[in-house]
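Below is one structure, written out as structure tokens, with a few remarks after it.
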Amino acid sequence: MTITVKRSEDQEGWIASRDGAVIGELHPWPAPDRKLRLFFGDTEPAAYEPLIDKVTGPCLTTVDEADRPTVDALRALGFTPVRREVRLEIPVTRASFDVPAGYRLISAADTGVQDLMALDDALRTDVPGAEGWESDEASFREQTYDSPYFDPATYLVAVDPENTYAGLVRIWNGPRPLPRLGLIGVLRNHRRRGLARALVSAALTVLADRGASLVTAEADETNTASLTLLASFGAVQVGADLELAR
């Protein structure tokens, strides 16, 4: 049976159909790191080839490593694994912590967009898979302050004694069923002071007060510092994703 592919309603993605039934969706995203990232909706293995044929040039996509039919279908189309992320669940507890002397924690809601964006870009240089990330102000504002999942109480920024930003933690409340730790990071010249632990502890305490029990997170398997930090909060691995490149 013939598979047909047409543009999505927003004209930014592609829909694959067979006999009038949708069997796959592709949503390409030119990321701020100048890499084209492919996001698939519910897609049958047979639909990957006609969908990917709509994409030219290098691209990346992320797949659950346990989904062997999808991994095999993509590898047959020239994709190869380049990175592995572990998926984690972190129990929500009230953890005592001390903010390092001279530092303070503020809500991202009280930050300037350009300063927060610069901090975010700088922190991503040390996140495997996010090197070269350069946001634009309009998109950053839309995906941060204007996001329906932005939580001012769990998106916290560390400020140093000179009133410059030193690090951040952000936990999103949606669209997934559980809150998600999107990033914990501290600039290199502010590390080894306990600042990352203070940021995570502060955000988890907010969630504990709300009655939350678990937070999800992802970390590159080579990111020993993040994995060690999260393990100290009781994080356990519940799965893994492969980043595939063509």
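Observations on the model:
- Looking across segment 107-118, the residues that are part of a helix (DSSP H, G or I) and within 18 Å of TRP172 (Cα to Cα) come down to ALA108, ALA109, ASP110, VAL113, LEU116, MET117.
- A search for C-beta distances below 8 Å between a residue of segment 144-157 that is in the same structural domain as TYR103 (by TED's automatic domain parsing) and any residue that is modelled with pLDDT under 95 and among the hydroxyl-bearing types (Ser, Thr, Tyr), counting only pairs 6+ apart in sequence or on different chains, returns nothing.
- Test set (1) buried (at least 17 other Cβ atoms within 10 Å of the Cβ); (2) more than 16 Å from the chain's Cα centre (by Cα); (3) more than 16 Å from LEU88 (Cβ to Cβ) - THR144 fails condition number: (2)
- Counted residues, segment 171-213 - those being surrounded by fewer than 22 Cβ atoms within 10 Å (Cβ to Cβ) and in a loop (DSSP other than H, G, I, E, B): 14
- Which listed residue, of ARG210, ARG180, is among the basic types (Lys, Arg) and closer than 11 Å to VAL92 by Cβ: ARG210
- The residue list ALA73, ALA46, ALA16, ALA95 contains one member that is in the same structural domain as GLU142 (by TED's automatic domain parsing) and either over 20 Å from the mean Cα position of the chain (by Cα) or on the phi > 0 side of the Ramachandran plot (or both), which is ALA95.
- Lone qualifier among PHE97, PHE40, PHE79 - being buried (at least 19 other Cβ atoms within 10 Å of the Cβ), among the aromatic types (Phe, Trp, Tyr) and more than 24 Å from THR222 (Cα to Cα): PHE40
- Pairing each residue of segment 14-41 that is acidic (Asp, Glu) with any residue that is part of a strand (DSSP E or B), provided the two are 6+ apart or on different chains, yields C-beta distances under 6 Å for GLU25/ILE15.
- Any chance ASP115 is out of contact with any Cys (no Cβ under 9 Å at 6 or more places or on another chain) and assigned by TED's automatic domain parsing to the domain that holds TRP14: no
- Among the conditions (1) farther than 28 Å from ALA240 by Cα; (2) among the aliphatic types (A, V, I, L, M); (3) out of contact with any Lys or Arg (no Cβ under 9 Å at 6 or more places or on another chain); (4) in the same structural domain as ALA138 (by TED's automatic domain parsing), LEU123 misses just one, which is (1).
The values are calculated or read from the model by the stated rules, or taken from the named source; none is laboratory data. Just so it is clear, the structure is predicted and the values come from calculations on it, not from any experiment. Note that we place each Cβ from the backbone using ideal geometry, even for glycine, and neighbour counts take in every protein chain shown.
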